[in-house]
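Heads up: the structure comes next, in structure tokens.
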Amino acid sequence: MHLPDLPKKRKHDEADITPDVAEWFLQNYPDDVAIEVKVKGNKTKPHQDLALDQVKQGKFKYKLPDMGRRNPFDIVVLKKAKAFVVTCDGLSCTAVGKHGETFNFTL
């Protein structure tokens, strides 16, 4: 007798969950932010920490690469934004701010 396969648990990766995290901040957080999204167990890379630290210091600028894509604009400059690393485990997320603010939220 062959039993049917059990449904596979959907694994959320960063690409899947990032739009939901962005939407949560857009709807629920009052300040401008720079966010690095991680799935539980993943760590930030040195260049990501450097960029988030620059946001914290009010000195972040970034030229969006022009590679034949339709970009909304060319450059982003953040002077008064807050920087967060958001780690999600399923739909439960923890935001850890470079400026000291930490909170949990659910997508």
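Screening the stretch 86-95 for residues that are surrounded by fewer than 17 Cβ atoms within 10 Å (Cβ to Cβ) and either of a type outside the set (S, T, N, Q) or in contact with a Cys (Cβ under 9 Å, 6 or more places away or on another chain) (or both) and picking the one that is nearest to ASP32 (Cα to Cα) gives THR94.
Against the list (1) part of a helix (DSSP H, G or I); (2) at positive phi, the condition GLY58 fails is (1).
Does ALA22 fit the bill of being within 12 Å of the chain's Cα centre (by Cα), among the small types (Gly, Ala, Ser), surrounded by 11 or more Cβ atoms within 10 Å (Cβ to Cβ) and modelled with pLDDT of 95 or more?
yes
Every residue, every condition in (1) in contact with a His (Cβ under 8 Å, 6 or more places away or on another chain); (2) without any contact (Cβ under 8 Å) to a residue 12 or more places away in the chain; (3) part of a helix (DSSP H, G or I); (4) among the basic types (Lys, Arg), yes or no:
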position	(1), (2), (3), (4)
THR18	no, no, yes, no
VAL21	no, no, yes, no
GLN27	no, yes, yes, no
ILE35	no, no, no, no
THR44	no, no, no, no
ALA51	no, no, yes, no
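When the stretch 26-77 is limited to residues that are charged (D, E, K, R) and touching a Cys at 6+ places or on another chain (Cβ under 9 Å), the one that is modelled with the lowest pLDDT turns out to be LYS40.
Looking at the stretch 66-85, can you tell me whether even one residue there is surrounded by 10 or more Cβ atoms within 10 Å (Cβ to Cβ), among the basic types (Lys, Arg) and not in a loop (DSSP other than H, G, I, E, B)? Yes - at least one qualifying residue is present in the stretch 66-85.
Could you please tell me which pairs satisfy a Cβ distance under 6 Å, a separation of 6+ or placement on different chains, a first residue in the stretch 75-101 that is within 14 Å of GLN48 (Cβ to Cβ), and a second residue that is assigned to a loop (DSSP other than H, G, I, E, B)? Pairs found: ALA83/LYS98; VAL85/THR44; THR87/LYS40. So is VAL37 hydrophobic (A, V, I, L, M, F, W, C) and more than 19 Å from ILE17 (Cα to Cα) or not? Considered against the rule, which asks whether it is hydrophobic (A, V, I, L, M, F, W, C) and more than 19 Å from ILE17 (Cα to Cα), VAL37 comes out as no.
The values are calculated or read from the model by the stated rules, or taken from the named source; none is laboratory data. None of these values were measured; they are calculated from a predicted model. Every residue, glycine among them, receives a Cβ derived from its backbone with ideal geometry; neighbour counts consider all protein chains shown.
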